[in-house]
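Here the structure is laid out as structure tokens; the discussion comes afterwards.
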Amino acid sequence: MEPGEAMKIKVEQSIEMWVRLPQLPVELWNEYTFQGIAKALRGRFLEKDPCTRKWEKLGFARVKMEVPLSFHPVPKITLRDGKGLAVPQAIVYESKINYCSSCGAHTHLEASYKFKRLDSEGLDQCKNPWDDVQALQHPRDRRRENASVSAFR
């Protein structure tokens, strides 16, 4: 680094997030599978919720992961069972992350910028990554949505 040159510090921030794995075969409810799923999502497995740990609600497994703020969600991944067969697995996110990797703000996504960038294949890089995945809606979001609808009545 030269004298007078601006110092750049790169800090990788992360956030904890719960995900649901609907219809995940019970034989795949183990630490190894959950770690693999988190790794496929560029995250780190932290824990199972109590119902998943005790096998109480078999409709879905629920796990907590740590993901980078720049995380881009995917709607599904492919797992391999004990026989090596491909098993498609849907991912349901319990929350969305608002983070702009361009300016570092937590109030919006890159997709909200007026001028969009195209990658080498001509695809829009600023598309909202949460548009193509299933995320649960929180009660406070529904209240806000209902308030805006009733304002126009």
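Values quoted throughout were computed directly from the atomic coordinates according to the rules given, and no laboratory measurement underlies them. These numbers were taken from a predicted model, which means no experiment stands behind them. Here the Cβ positions follow ideal geometry from the backbone for every residue, glycine too, while neighbour counts run over all protein chains shown.
For V26 and W55, compute 0.36 nm times the residue count separating them, minus their Cα-Cα distance, and round to one decimal in nm.
Values: separation 29, 0.36 × 29 = 10.44 nm, distance 0.84 nm.
So the extension gain works out to 9.6 nm.
Highest mean first, what order results for 46-55, 68-77 on Cβ atoms within 10 Å?
Numbers: 46-55: 13.6, 68-77: 15.2.
Highest mean packing first, the order is 68-77, 46-55.
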